[in-house]
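What follows draws every value from the coordinates through simple rules; no lab data is involved. The structure displayed is predicted, hence computed values, not measured ones.
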Amino acid sequence: MPKYRSLKDHVYDYIAQKIQDGTLLPNDKINEAEICKQLEISRTPTREALFQLTSDNLLDYLPRRGFTVKVFDAKEKYDYSRIIGTLDALAAVLAVDFLDANDLAALDALVVRMDRDIETMNFKGYHANQYEFHALYIRKSDNPVLIDMIASLKNSFVRQSYSSADKQRLTTVLREVNAEHRNILELLRLKDKPKLECALRHHWRIIDTEML
């Protein structure tokens, strides 16, 4: 049965998606009146959603200034990446015993697509494919609590766009990251849990905070 979505939930998803896809950038002010108009919704569920987004670390709230998209400094990025890396590594280790040949083939196809996205500088496509790469084995971990924790952390921290205007440098960084995806896939095939855990903890480090 589909989960019931309240008006607050719809506003939450609308704003969160705009943050994730880069329409709303760090420190941008949220226009409550415009959101109410766009969604044809009253102020009450909109305010409820904004406070929930603040609680979930996507927005900041200051009296008299209102709501703005949260800005993460280098230390916060580092801290988040370490936590996500630890949980992602745990999910991969748990998933090892549940992944089948079709799953491994799907992961391999995603790595190939990411190679193509990097070479064509299709960074939006790259992000979608790398998200699915990690999501596939996370889903196979068979641990709903862990899955929800990772999703919540990623929603508040991992964006669907890259802030860097240096496309050549970004391409170099993403090639390095996708080489790590290949290594992670090989360790999943080998069921080498200790090396897999180490590889994923390392993978989620912030390679270059100005690129992300």
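Points to keep in mind about this one:
- Cross-link reach is defined here as a Cα-Cα straight distance under 17 Å, omitting same-chain residues fewer than 8 places apart; for LYS8 the lysines meeting it are LYS18, LYS37.
- Sorting the Cα pairs of the chain by distance into bins of 5 Å, from 0 upward, gives 1, 7, 13, 17, 18, 15, 12, 9, 5, 2, 0, 0 percent per bin.
- Within the same chain, lysines fewer than 8 places from LYS140 are excluded, and of the rest, those with a Cα less than 17 Å from its Cα are LYS191, LYS193.
- The alpha-carbon of LYS167 sits under 13 angstrom from the alpha-carbons of these aspartates and glutamates, leaving out residues fewer than 8 places away in its chain: ASP117, GLU119, GLU210.
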